[in-house]
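Note sheet for the following structure.
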Amino acid sequence: MSEAKRFYVTSPIYYVNDKPHIGHAYTSLACDALARFMRLDGREVMFLTGTDEHGQKVEKAATAAGEAPQDFVDRISEPFRGLSKLLAFTNDDFIRTTEPRHKTSVQQLWRELVARDQIYLGTYAGWYSVRDEAFHAESELVDGKAPSGAPVEWVEEPSYFFRLSAWQDRLLAFYDENPDFVLPGSRRNEVVSFVKGGLDDLSVSRTSFKWGVPVPDDPDHVMYVWIDALTNYLTGVGYPDTGGAGYRRFWPADVHIVGKDILRFHAVYWPAFLMAADLPPPRRIFAHGWWTNEGQKISKSLGNIIDTSALVERYGVDQVRYFLLREVPFGNDGDFSHRAMVSRANNDLANDYGNLVQRVLSMINRYCGGAVPAPAANDGCHVDPSVLDAVISLRHAHGLLRKVRPLMQRQAFHSALERIWLVVKEANVNVDHLAPWVLRKSDPERMKEVLYALAEVIRHLAITSQPFMPESTARILDQLAVPEDQRTFAHLNPGNRVTDENSLAPGTPLPKPEGVFPRYVEHGAEAAR
Ligand code: ME8
């Protein structure tokens, strides 16, 4: 498989100081939808997620829990691993920074930096925020706190420094040469102006605590948690074995998807570390926005953390997946509310998509003897070409992937779903106008053609929307008797002919249709609100 055919996507690795919540689920979900899309599009994909287990923040959480750090991280990383099962994520690996493979990798990267004179020993005196695991200059503080509002403490200790200041021009040139390195564009401007403002050398080791990867040849120091954490993206593809298949196939990563809170680490420090070690930087950092809960910041102290498993139980896995990727343009901030969630589940899924599938499949079941309609063959096609003028949604279903692909290549998940929904809505209009229940009496041959074309529309919609709603679309494709090995984008009709070799085979028996997107019905107290 050629290099262009491979795709490497990563989520951040999450701190194991607390339970996972909807924010963590969101980032990994975006990665999953992208990974699934690229696989269906014929690419060899690597999707990496995991947990960030070192540093002062995790050490403090372990102490607060009265546990040894290793026991604590072993316990807390499990629910993060469990997110994959809960939300049907297809990550190819799950990395933990306390694993030996990672220690080897980050120590090697350190040695490469030392060998190139990119790291020197000095003394750090300044502010540190444990919550953000970030150093802050005096000038950055706002009312004596970090820009994020996190408390800071004064730190004065021997420290190794990375020569970040030497990379300012190279970074600016790199952003210039790679205009889509940081998406969305507004975030790119933020990064560029930060770097233009001047870079200080970065403290990359600590001596005041022990819970980290030891600095090679100087065990009094542990590495700064961010140099440790970022390197996970290399460890995941087998670094330091740069001759190995993993690294050769997948590095540089195609996209690191992160929240806007950690953009600077990814778009400034990470490419600088890599260039300094003579390794290629990733191709893109996409920084998405921030979710609030019913208008409020999500925080443990406010007690409004949205528990993902409760969400999935209440609304359904594909409903949650769809909502998160459709409700908010990827990159913008968003608000989670029960009302908005129910509105998406009932309007978009139950009324639009669900109803289309249910109506068409029930008519096929009742009017066509429970088998794929079999109109008289025409010029080697299963339906008369004129049906494309009537069932216009089929023409658009044929062209759908061409519209959706460039949107997915820019992580515009919401726009991709909007595109898909244009066809869903159009197909519903086609059903209303063509009224197969009337044709059944007036022109039964035409009815078979129309229902066949609509079944093909549904096949295209289901195949294309698999990355977003994998379980429901699998059930739709089962109901159309589409074999499991014929569900990739290669099985979509590019539209040169009305039907092609992948089109539904007329006469194939179909199982009895069942609703796929149930309506959410309010119960008890909720209904009274
Ligand atoms: O920063 N809305 O880990 P972390 C949207 N270990 N996304 C949210 C969110 C919210 N309210 N809350 C969290 C770290 N996230 C480091 C990363 S990577 C080499 C090291 C998501 O546990 C979002 O992706 O604090 C954010 O960037 C990430 O969780 C922060 O996770």
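Per residue, how large is the accessible surface of the stretch 1-69? Use a 1.4 angstrom probe and give square angstrom.
Per-residue value: 30 Å².
How high is the relative contact order of the chain? Use alpha-carbon pairs under 8 Å, at least six apart in sequence, and give a whole percent.
Normalised by residue count, the contact order of the chain is 15 percent.
So with the 1.4 Å probe, I'd like the accessible area per residue for the stretch 338-491, rounded to whole Å².
Per-residue accessible area for the stretch 338-491 comes out at 38 Å².
Mind ordering 48-59, 90-101, 26-37 by average Cβ neighbours within 10 Å, highest first?
In descending order of packing, they fall as 48-59, 26-37, 90-101.
Rounded to the nearest 500, what is the chain's calculated 222 nm mean residue ellipticity when only DSSP H runs of at least 4 contribute -39500 (n - 2.57) each, over all residues?
Taking each H run of at least 4 residues, the total per residue is -13000 deg cm²/dmol.
Per-residue counts of other Cβ atoms within 10 Å, averaged by peptide: what ranking do you get for 383-395, 235-247, highest first?
Going by the mean number of other Cβ atoms within 10 Å, highest first, we get 383-395, 235-247.
Seen from all sides and averaged, what is the projected area of the convex hull of the Cα atoms in the stretch 141-222, in nm²?
Convex hull of Cα atoms, orientation-averaged projection: 7.6 nm².
Share of the stretch 440-521's accessible area from carbon and sulfur, percent, 1.4 Å?
Solvent-exposed carbon and sulfur of the stretch 440-521 make up 51 percent of the total.
Stretch Ser337-Asp18 to full length: gain in nm at 0.36 nm per residue minus the Cα-Cα span?
Length gained, Ser337 through Asp18: 112.6 nm.
Over the stretch 337-458, consider all pairs of different Cα atoms and compute the Kirkwood hydrodynamic radius from their mean reciprocal separation; express it in Å, one decimal.
15.4 Å
Work through the residues other than Asp71 whose Cβ is under 13 Å from its Cβ and net out their charges, Lys, Arg +1 and Asp, Glu -1.
Residues close to Asp71 contribute a combined charge of -4.
Counting DSSP beta bridges in the chain, what percent are antiparallel, to the nearest 5?
The antiparallel proportion sits near 50 percent.
Of all accessible surface on the stretch 1-136 at a 1.4 Å probe, what whole percent is carbon and sulfur?
Carbon-and-sulfur percentage of accessible area, whole number: 52.
Would the stretch 449-513 count as rounded, prolate or oblate if I go by the C-alpha gyration tensor, calling it rounded below 1.5 in a/c and otherwise prolate when a/b exceeds b/c, oblate otherwise?
Cα axes put the stretch 449-513 in the oblate bin.
Show me the ranking of peptides 493-502, 224-233 by mean Cβ neighbours inside 10 Å, starting with the highest.
The peptides rank, most packed first, as 224-233, 493-502.
Can you give me the Cα centroid spacing of the stretch 334-365 and the stretch 428-453 in angstrom?
23 Å
Lys512: which lysines have alpha carbons under 19 Å from its alpha carbon, excluding same-chain residues fewer than 8 sequence positions away?
Straight-line reach from Lys512, under 19 Å: Lys448.
Would you work out if the stretch 164-307 is rounded, prolate or oblate? Take a ≥ b ≥ c from the square roots of the eigenvalues of the alpha-carbon gyration tensor; rounded if a/c is under 1.5, else prolate when a/b is larger than b/c, oblate otherwise.
Because its axes are fairly even, with a/c under 1.5, the stretch 164-307 counts as rounded.
As an exercise, take the mean of 1/r over every pair of distinct alpha carbons in the chain, invert it, and state the Kirkwood radius in angstroms.
Result for the chain stands at 25.3 Å.
Note down the net charge around Pro158, summing +1 for each Lys or Arg and -1 for each Asp or Glu among other residues with Cβ under 12 Å from its Cβ.
-3
Filter Lys19/Lys85; Lys57/Lys300; Lys196/Lys297 down to the pairs with a C-alpha to C-alpha distance above 22 Å, please.
Violating the 22 Å Cα-Cα cut-off are Lys196/Lys297.
So, in Å, what gap is there between the alpha-carbon centers of the stretch 252-267 and the stretch 466-529?
A separation of 34 Å, based on Cα centres.
Kindly report the accessible area of the stretch 171-280 per residue (heavy atoms of protein chains, probe 1.4 Å, no ligands, DNA or RNA), in Å².
About 34 Å² of surface per residue is accessible.
The values are calculated or read from the model by the stated rules, or taken from the named source; none is laboratory data. All values reported here derive from a predicted model rather than from experimental measurement. Here the Cβ is made from the backbone with ideal geometry for all residues, glycine too, and neighbour counts use every protein chain on show. Ligands, DNA and RNA are stripped out before the accessible areas are found, and what is left, the full protein with its side chains, is counted by its heavy atoms. Shrake-Rupley method; radii C 1.70, N 1.55, O 1.52, S 1.80 Å.
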